[in-house]
1. Could you work out the Kirkwood radius for the stretch 247-287, taking every pair of different alpha carbons, averaging 1/r and inverting it, reported in Å?
2. 5 Å is the cut-off here: which amide hydrogens, built 1.01 Å from N in the peptide plane, fall below it relative to LYS70, excluding neighbours closer than 5 in sequence?
3. Excluding SER235 itself, what net charge comes from residues whose Cβ is under 13 Å from its Cβ, given Lys and Arg +1 and Asp and Glu -1?
4. Suppose the chain between SER358 and THR318 were pulled fully straight at 0.36 nm per residue; how much longer would it get relative to their current alpha carbon spacing?
5. Tell me, what is the 1.4 Å probe accessible area of LEU305, in Å² to the nearest 10?
6. Treating only the Cβ atoms of Lys and Arg (+1) and Asp and Glu (-1) as charged, compute the dipole magnitude of the chain about its Cα centre; round to the nearest 20 debye.
7. Take the stretch 210-319, compute every pairwise Cα distance, and split them into 10 Å bins from 0; I just need the percent in each bin.
8. Tell me which residues come under 5 Å, amide H to amide H, from TYR257 once H is placed; ignore anything under 5 positions away on its chain.
Amino acid sequence: MSTGKKVAALTAITIMASSSFAGLSAVHTETVSAATKPVKVTFWHAMAGPYKDALQKRIDAFNKSQSKYKIVATAQGDYTTLNQKIMAGAKSKTLPVMAQATYTQVPDYVKDGIVTSLQSQVDGKNGLSKKQLNNIYSGFLQQSKYKGEFYSTPFSASVREMFYNKTLLKKYNLSVPKTWDDIAKMSDVLKKDGIATVGFDKSFDMEWDSMVRSAGVSLVTSKDKVNVNSKKAVSAAKLITDMVADGTAKTAGSDIYGTTNFVNGKTALTFSSSAGITATQAAAAKDFDWGTAPLPSYKGKSATLLAGNSLVVTATATKKQQAGAWAFMKYLMSDKQTEKWAEATGYLPITKKATKSSAYKAYLKKNPLAKAASDSLPGAFSDTAFLGYQDYRTNLLNAVDSMLTKKTPAADALKTLSDQTKKTLKENK
């Protein structure tokens with residue numbers, strides 16, 4: 001072989017060898033990159049404005065705290081829009097790994113194969129111990145389960161509470177009512193001057209629900225027993241409708257919320273979500289003097305209905321994605337993080353230790369209007385979630401509207417609701 005040919009052959013071999021090593025190097029780099037790249041966990045939510053900003057801070061803090069997972073959140077509009085997108089995502093197979101949802105939507109999501117059970121995560125190596133579960137308020141644990149199994153974790157929580165007009169109470173030498181009997185006594189005084197004692201939203205269903213629970217009755221039990229027209233339920237509804245009929249209570253009507261009547265001095269008290277404090281502050285004049293308190297007790301006991309939303313993991317998530325979603329959920333449920341979330345948003349901490357922490361106590365001292373909600377947590381409860389709950393909810397609102405606008409007797413309206421609820425439960429078995 002000539003010298004020129006030898007040189008050419010050696011050059012070719014060198015190039016081939018270099019290319020091979022380059023290829024091996026590229027493969028090695030990709031393998032290392034894939035091994036170190038965090039698992040992406042997509043998250044759909046319905047937070048907006050300052051709530052969205054507060055949520056993103058929690059997400060950024062979680063992502064920074066570890067390297068295995070990366071939460072990527074996307075706002076999807078309000079809760080109705082979010083639910084619509086989840087339903088559409090299930091059909092088009094474009095669901096995120098996790099999402100916000102109301103706990104009453106969970107049964108339908110389970111039936112449609114949209115969400116997955118979290119029981120194995122709760123019971124697993126990185127799960128929740130009995131001590132940690134006992135640290136979470138029972139009302140939140142109640143709404144996290146469906147048929148005895150965990151399908152969600154609590155996140156943004158609020159309770160029904162009472163707002164009171166300090167100026168009016170002082171003018172008439174009245175104390176903040178602690179019981180419904182106290183409210184009746186107030187009514188005798190205020191009615192003379194045409195002032196309604198109580199202001200409800202457009203509907204009074206949540207206050208009624210809380211009164212019935214105080215009386216020891218669940219409107220619908222976990223075993224599908226319907227008690228909406230029990231004697232105690234009818235009695236509580238009649239107490240409210242009688243007050244509306246004689247002018248000692250007002251409903252908001254087309255305004256939906258009772259805030260307008262309250263800040264204009266037309267009612268001495270109003271019942272609202274603890275998340276409604278900000279809206280009331282915005283609607284009230286700067287010199288409007290008011291306070292908050294737990295709902296009045298009924299039949300010797302206190303109870304208040306929890307509202308808000310939970311977090312779920314979708315059924316299309318991989319095992320690694322599920323693990324990432326659970327790690328984030330557990331992070332949000334920690335005492336420190338749920339306390340920070342409460343401070344930033346006005347929602348409630350979900351753990352007992354968080355509400356007793358020095359940081360939260362300092363927050364309540366600076367924000368006394370938030371204290372009543374925290375004080376209400378020991379008696380907070382959640383409705384039983386069941387298939388067809390949304391239909392039940394619609395029928396419940398119709399029953400209340402019938403009592404208010406058509407003057408339908410409470411016993412008759414609630415008998416209709418009972419029949420409708422039993423039919424709903426039967427159809428969804």
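1. Numbers: mean 1/r = 0.0936 Å⁻¹.
By the Kirkwood definition, the hydrodynamic radius is 10.7 Å.
2. Residues meeting the criterion, in which the H sits 1.01 Å from N, are VAL39, LYS40, VAL41.
3. Numbers: positive: LYS231, LYS232, LYS238, LYS299; negative: ASP242.
So the environment of SER235 carries a net charge of +3.
4. Details: separation 40, 0.36 × 40 = 14.40 nm, distance 3.95 nm.
Taking 0.36 nm per residue and subtracting the Cα distance, the gain is 10.5 nm.
5. Here the accessible area works out near 20 Å².
6. Details: 59 positive and 33 negative charges, 266 e Å.
For the chain, the charge dipole is close to 1280 debye.
7. 11, 31, 32, 17, 7, 2
8. Those lying under 5 Å, H to H, from TYR257 are LYS202.
The values are calculated or read from the model by the stated rules, or taken from the named source; none is laboratory data. All of these numbers come straight from a predicted model, not from anything done at the bench. Glycine also receives a Cβ, built like all others from the backbone with ideal geometry; neighbour counts cover every protein chain displayed. Just the protein is used for accessible areas: all its heavy atoms, side chains included, with ligands, DNA and RNA removed. Shrake-Rupley method; radii C 1.70, N 1.55, O 1.52, S 1.80 Å.
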